[in-house]
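**Q** Dropping a structure here in structure tokens format, bear with me for questions.
Nothing in this text is a laboratory measurement; each read-out follows from the coordinates by a stated rule. Keep in mind the model is a prediction, meaning the values are calculated, not measured. With ideal geometry, Cβ positions are generated from the backbone for all residues, glycine too; neighbour counts draw on all protein chains shown.
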Amino acid sequence: MFSSIQGVADALVGQQYIPSEEIATVLFLAERLGKPVLVEGPAGVGKTELAKVWSQATGRRLFRLQCYEGLDESKALYEWEYAKQMLYTQLLREKLHDLLAEATSLADAADRLAREEDVFFSERFLLQRPLLRAIQADVPSLLLIDEIDRSDAEFEAFLLEVLSDFQVSVPELGTLKAKVHPAVVLTSNNTRELSDALKRRCLYLYIDYPSIEQELRIVQLKVPELGPELARQAVELVQRLRQLDLRKQPSVSETLDWARSLVTLNAAAIDEATLRSTITVLLKHERDVLRARRLRLSDNGAGREEYGETPR
Amino acid sequence: MERRLVEFVAALRAAGVRVSVAESEDCFRAVEAVGVQDRTVFRDILAASLVKERRDLPTFNDLFPLYFGHGQPPMLRPQDALSEDEEELLRQALEELAGRLNELLRRLLDARALSQEELEAMQRQGGPPPRRSPRSRDWRARQLLRALGLKELEELLNELFEKLAALGMSEEGMERLRALLGHNLEALEEQLRHFAGQAAARQHVEEQERRPGPDLLDRPFSHLSEAEAHALRQEVRRLAARLRSRAALRQRRGRRGGLDAKATVRANQRYAGVPLDLRFKRRRLKPKLVLICDISTSVRFCAEFLLRLIYELQDQVAKARSFAFIDHLEEISDDFNEHHPQEAIVSVLRRLPAGHYNTDLGQSLAQFCHTKLDAVDRRTTVIILGDGRNNYHDPRLDCFELMKRRARRLVWMNPEAPHLWGTGDSDIQQYIPHCYSVHKVSTLAELAAAVDRLFGA
């Protein structure tokens, strides 16, 4: 699909995503080897976005499965649609009546009914969930399993089977096999340790906060309305904030939100007043905000705090 | 190349990175698919297919250059820097010095790097391989250079340049020669450093293979060396994984609660009220925990492993709050919520350094009852980890009693051997009657069993 690593990078940039060389290399490998990619990194560095962009760049159809505690197979894979089956039984009652009318005994009637069983357990009544949809897709697809660390350990084990063979067995229908192998992206925020078995099957990609140059490129690409000088200032400030010991570090998406709000407010420069009114776009904890306020704006060296560490 | 990769994987494993056979196979396939032209790309490929854990990346970055080079420029030959006349002069000067040239200078002049066999021969003479640190790597490289004659080098060079000057070589020509020799010396040193690092890594691999299987699980905490404790820390993760799957299974197979009428009616509305899909109440089996850990010197290891286990099992626990005490109590939940258990433990131990015989359990319990009692409700299991040695202070049984009344269970974990309970300043016998259960947890295996009991019904 891609001819070279540079080709991957160009395709992603074409979709407004600035990949590091590492990202491009791993995606290229994933396409070549047909392996799932496990993406880790702090929240908001563009893990989910990467999957979306990948699907757009390659024309794969995206199927997204958001994980949460208690997610099970019936939510992820398939479910029988009881209500529809009921409705059909009701509507087909006449026909069933005809069918059973000629039965001579109860056993005969049961046999006749059993012969028609397939009607009710066919794919018609199968409610497909994202995993099955990705497997059954006729066109190349991309399966995004988002925040896998939130799901339970059992679900993770179940996923192993699907990811290694790309096939699923439904007892009533038999084995459903993937027509086209989907590409798979798993993302994790590392709230819990994933099993070694899962990690073994994936290529690993750690996306960290971008360097100052990369982040500047991202801001300029996504919020071109922001002047170049202001953009640089904003990015530098965000990078300095990340040096502090904060409860939650500002993510790239928050940098973008902040850049947009600077545009909306028509800010000419980043001064105390602007920062004070917009800092909550970047920082979401009161303690962090207080800490950041103490950061000297004029100080254009590395992030230094005026009062040093606050006692805790 | 393939051998190199296999050796590299072995070195990673020895350094504690978990690399499976399937992964090294993937790595080969990946290298095949992309090729090895670009060094950074090659690095990224190996990282993506071999290292699945962020904390292992530094190890990877450390070992990679040892096995796949720094991309150092090769040594230069004198012909590259000197004109033909100057070369002639150099040859004359060398003839005059003949017999006194040492190995090192000859190599520098001929731009001859050491071959693998020569390196290994030197290694054998040089005694045991160095330890795995950059410092000892540098040191070893210097040592090998000295073996080649680094000491005499300066003198020889001075003599050589004097001769050259006498023969009439231009100042500028000599400067060029000097720079060239300097460059070659650096390159040679780099090669040696590189070799020393590799030897260290290889040595480490062999040591790992020789090490007997870990029956450390049954080694008492009080007899652990720092190295053994380190090995056990790795073990905790595997142990936690096992406990987790057991706890999860119990959660699933545990008796379901009674019929949830409300949920059933709601769920079956779409079947015209025919109850096809029964809903049951979920039993809450995930425990709520409050840990109160003595982290004075005597029980420090034990406290560390308990905290590690509990926080590795975070997803099987509804809520965990933890407190540490020596002479006073301090809440340490925040350390664990904000950092990885690894870092959190280090920061807590640094914040609360142990003193001498200043443990005051009674005072700490009183403090807990005074300020943190809201952490305990009827669904909470309170775990107290400590040897109950109170330095003859008031045990404050009244506070203990109060905690027992509020909590679902009060569990005591004691790392001391039972025959010492109640001797000297130990107040444990007075606390025991109030406890739901008391466990002796002097080894990791016992600790794991005690933790496992917490997740039972």
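**Q** Indicate, rounded to the nearest 5 percent, the antiparallel portion of the DSSP beta bridges found entirely in the protein assembly as shown.
**A** Of the beta bridges lying entirely in the protein assembly as shown, close to 25 percent run antiparallel.
**Q** Counting other beta carbons within 10 Å of each residue's own, what order do A:Lys35, B:Lys52, B:Lys404, A:Lys284 fall into, fewest first?
**A** Fewest-to-most Cβ neighbours within 10 Å comes out as A:Lys284, B:Lys404, A:Lys35, B:Lys52.
**Q** Once phi is turned into ³J(HN,Hα) by the Karplus curve 6.51 cos²θ - 1.76 cosθ + 1.60 with θ = phi - 60°, what whole-Hz value does each residue of segment B:325-339 show in order, with x for glycine and proline?
**A** With coefficients 6.51, -1.76 and 1.60, one gets 9, 10, 9, 9, 9, 9, 7, 10, 4, 4, 4, 7, 5, 9, 10 Hz.
**Q** Does segment B:303-457 classify as rounded, prolate or oblate by the C-alpha gyration tensor (a ≥ b ≥ c root eigenvalues; a/c under 1.5 gives rounded; else a/b over b/c gives prolate, otherwise oblate)?
**A** rounded
**Q** If you don't mind, there's one more thing I want to ask. With Cβ to Cβ distances under 10 Å as the rule, what net charge do the other residues near B:Phe68 carry (K, R +1; D, E -1)?
**A** Charge balance near B:Phe68 sits at +3.
**Q** Here is a follow-up. May I ask you to derive the relative contact order of chain A, considering only C-alpha pairs under 8 Å and at least 6 residues apart, and to give it as an integer percent?
**A** 22
**Q** I'd like the distance between the alpha-carbon centres of segment A:206-259 and segment B:419-453, rounded to an integer number of Å.
**A** Measuring centre to centre over Cα atoms gives 53 Å.
**Q** Which cysteines in chain B lack any other cysteine whose Cβ sits under 4.7 Å from their own Cβ?
**A** B:Cys27, B:Cys293, B:Cys302, B:Cys435, each lacking another Cys Cβ under 4.7 Å.
**Q** Ok, one more. For chain B, find the longest principal axis of its Cα atoms and tell me its angle to the long axis of helix B:39-50, 0 to 90°, nearest 10.
**A** 30
**Q** Here is a follow-up. If a/c stays under 1.5 just call it rounded; otherwise compare a/b with b/c (prolate if a/b is bigger, oblate if not). Do that for segment B:324-374, with a ≥ b ≥ c from the square roots of the Cα gyration tensor eigenvalues.
**A** oblate
**Q** May I pose another question? Among A:Leu203, A:Leu241, A:Leu106, which one shows the highest mean-square fluctuation when chain A is modelled as a Gaussian network with alpha-carbon springs under 10 Å?
**A** Answer for the Gaussian network model of chain A: A:Leu106.
**Q** Give me the percent of DSSP beta bridges within chain B that run antiparallel, rounded to the nearest 5.
**A** Roughly 20 percent of the beta bridges in chain B run antiparallel, per DSSP.
**Q** Now for a separate question. Counting alpha carbon pairs within less than 8 Å and at least 6 residues apart, what relative contact order, in whole percent, applies to chain B?
**A** 12
**Q** State the Cα centre-to-centre distance between segment A:1-43 and segment B:333-390 in whole Å.
**A** Their Cα centres are 46 Å away from one another.
**Q** Over chain A, with a Gaussian network built from C-alpha contacts below 10 Å, which listed residue (A:Trp258, A:Trp80, A:Trp54) shows the highest mean-square fluctuation?
**A** A:Trp80
**Q** Neighbouring Cβ atoms within 10 Å as the yardstick, rank B:Met1, B:Met174 fewest first.
**A** Ranked by crowding around the Cβ, least crowded first: B:Met1, B:Met174.
**Q** Which angle between 0 and 90 degrees, to the nearest 10, do you get for helix B:57-68 versus the longest principal axis of chain B when only C-alpha atoms count?
**A** 30
**Q** Using a 10 Å cut-off around each Cβ, can you sort B:Leu349, B:Leu239 from fewest to most neighbouring Cβ atoms?
**A** Fewest-to-most Cβ neighbours within 10 Å comes out as B:Leu349, B:Leu239.
**Q** From the phi angles alone, apply the Karplus equation (6.51, -1.76, 1.60; θ = phi - 60°) to segment A:222-227 and give each ³J(HN,Hα) in whole Hz, x where the residue is Gly or Pro.
**A** With coefficients 6.51, -1.76 and 1.60, one gets 8, 10, x, 5, 6, x Hz.
**Q** What list of ³J(HN,Hα) values in whole Hz, one per residue of segment A:158-175 in order, does the Karplus curve 6.51 cos²θ - 1.76 cosθ + 1.60 (θ = phi - 60°) give from phi, with Gly and Pro shown as x?
**A** For segment A:158-175, the Karplus-derived couplings read 4, 5, 3, 5, 5, 6, 7, 10, 6, 9, 9, 9, 9, x, 6, 10, x, 8 Hz, x marking Gly and Pro.
**Q** Ok, one more. Which far-off residues, 5 or more places away or on another chain, put their amide H under 5 Å from the one on A:Ile145, with H placed in the peptide plane?
**A** Close amide H contacts, sequence-distant or interchain: A:Leu65, A:Val185, A:Leu186, A:Thr187.
**Q** A further question follows. Round to the nearest 10 and give me the degree value, 0 to 90, for the angle of helix B:150-167's Cα axis relative to the longest principal axis of chain B.
**A** Here the helix axis deviates by roughly 30 degrees.
**Q** Residues with beta-carbon under 14 Å from that of B:Ser115, excluding B:Ser115: net charge, scoring Lys, Arg +1 and Asp, Glu -1?
**A** -3
**Q** Alpha carbon centre of segment B:233-305 versus segment B:188-206: separation in Å?
**A** The two parts, judged by their Cα centres, are 50 Å apart.
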